[in-house]
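Q: Let me begin by handing over the structure; questions about it come next.
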Ligand SMILES: [Zn+2]
């Protein structure tokens, strides 16, 4: 394609309960889409066959609208993805192991198919604005757990096993030894510094729904006179754990920027007086080497669909 020519890429984000998709415009080396063009398809698929059917329908609709066909498809997916773009293990769907979207879609599509783990796609999307694509950025997504990725010069570090960025499983001196983490070890940061950690501390162990419910409840408690103090203390304690993890990463990598996003941050608020942010700043201050801490740039991502944006950028790079 000649530089400056317009074309399309399709970006698809496969989550546990919905598939988001968009046809993005490509001009030269830029990819853009408007938020109102994002289609969210809820699904209750728990098998890979059902998932394949949903993705197939989405692509069929796209191909019917664009006679010339998109130049590539970028897929962000839950699960572990190899460097070759094979879904090694996707526990959200039965049979989603050693799965190649490129092989499955090759009869429908003429363009390339690029597949990324959703945390890695999100990091690529988060760094697509401003100057963060140029240097070394640590992206942290604060949600049920603490995930993220390191982006260096516009490329995501995926790691040998595709598992780079499991920052929540670094170890905290304060973490509870009796609480075994989902990773199989104990003492992980995210057991105290994430939605799952807050649910555990609040005694709400009802799986993913319990995590969302706890974070929602604590967030609404922040504005209630009686309950604000207790919920504020819990958010501040979680923030302190997250800040300590950020300090470890900053000490190891001396990044140009630490970029934050995620549902926990949205629920707790990213203002300087938010208890989560107060704890986070304290965790950094106490644990970061002063020469790094004094210059450490903490920013908040404003990219609304980071996974789709990252998947579209990956498709653009592969075309
Ligand atoms: Zn862990």
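Q: Using the Kirkwood radius over Cα pairs, work out the Stokes-Einstein diffusion coefficient for the chain at 37 °C and 0.692 mPa s, in µm²/s as a whole number.
A: Numbers: Rh = 20.4 Å.
Answer from the Stokes-Einstein relation: 161 µm²/s.
Q: Here is a follow-up. Using Cα atoms only, what is the angle between the long axis of helix 228-253 and the major principal axis of the chain, expressed in degrees (0 to 90) to the nearest 10?
A: 70
Q: So how far, in whole Å, is the C-alpha centre of segment 283-319 from the one of segment 1-65?
A: So the separation of the two Cα centres works out to 24 Å.
Q: Highest mean first, what order results for 255-264, 219-228 on Cβ atoms within 10 Å?
A: 255-264, 219-228
Q: A further question on this structure: Arranged by the count of other C-beta atoms within 10 angstrom, fewest first, what order do 96, 66 take?
A: Ordered from fewest to most neighbouring Cβ atoms within 10 Å, 96, 66 come out as 66, 96.
Q: Kindly provide the Kirkwood hydrodynamic radius of segment 1-132 in Å, to one decimal, from all pairs of distinct alpha carbon atoms.
A: 15.3
Q: State the antiparallel share, in %, of DSSP beta bridges confined to the chain, rounding to the nearest 5.
A: 60
Q: Quick one: helix 306-318 against the long Cα principal axis of the chain, what's the angle to the nearest 10°, folded into 0 to 90?
A: Compared with the principal axis, the helix lies near 40 degrees.
Q: Take 97, 158 and order them by how many other Cβ atoms sit within 10 Å, fewest up front.
A: Going from sparsest to densest Cβ surroundings: 97, 158.
Q: Taking only DSSP H segments of four or more residues, each worth -39500 (n - 2.57), what value at 222 nm results for the chain once the sum is divided by all its residues, to the nearest 500 deg cm²/dmol?
A: Value at 222 nm, helices only, nearest 500: -11000 deg cm²/dmol.
Q: Indicate, rounded to the nearest 5 percent, the antiparallel portion of the DSSP beta bridges found entirely in segment 131-300.
A: Values: 11 of 19 bridges.
So the antiparallel bridges in segment 131-300 amount to around 60 percent.
Q: Moving to a separate point now. What do you get for the angle between helix 207-221 and the principal long axis of the chain? Use alpha-carbon atoms, 0 to 90 degrees, nearest ten.
A: The angle comes out at about 60 degrees.
Q: Give me the percent of Cα-Cα pairs in segment 154-226 that sit more than 21 Å apart, rounded to a whole number. It would help to have the intermediate numbers written out before the result.
A: On the way: 1054 of 2628 pairs.
Of all Cα-Cα distances in segment 154-226, 40 percent exceed 21 Å.
Rule-based calculations on the coordinates, nothing more; no lab input. Since we're looking at a predicted model, the values are computed, not measured. Positions of Cβ are backbone-derived with ideal geometry, glycine not excepted, and every protein chain shown enters the neighbour counts.
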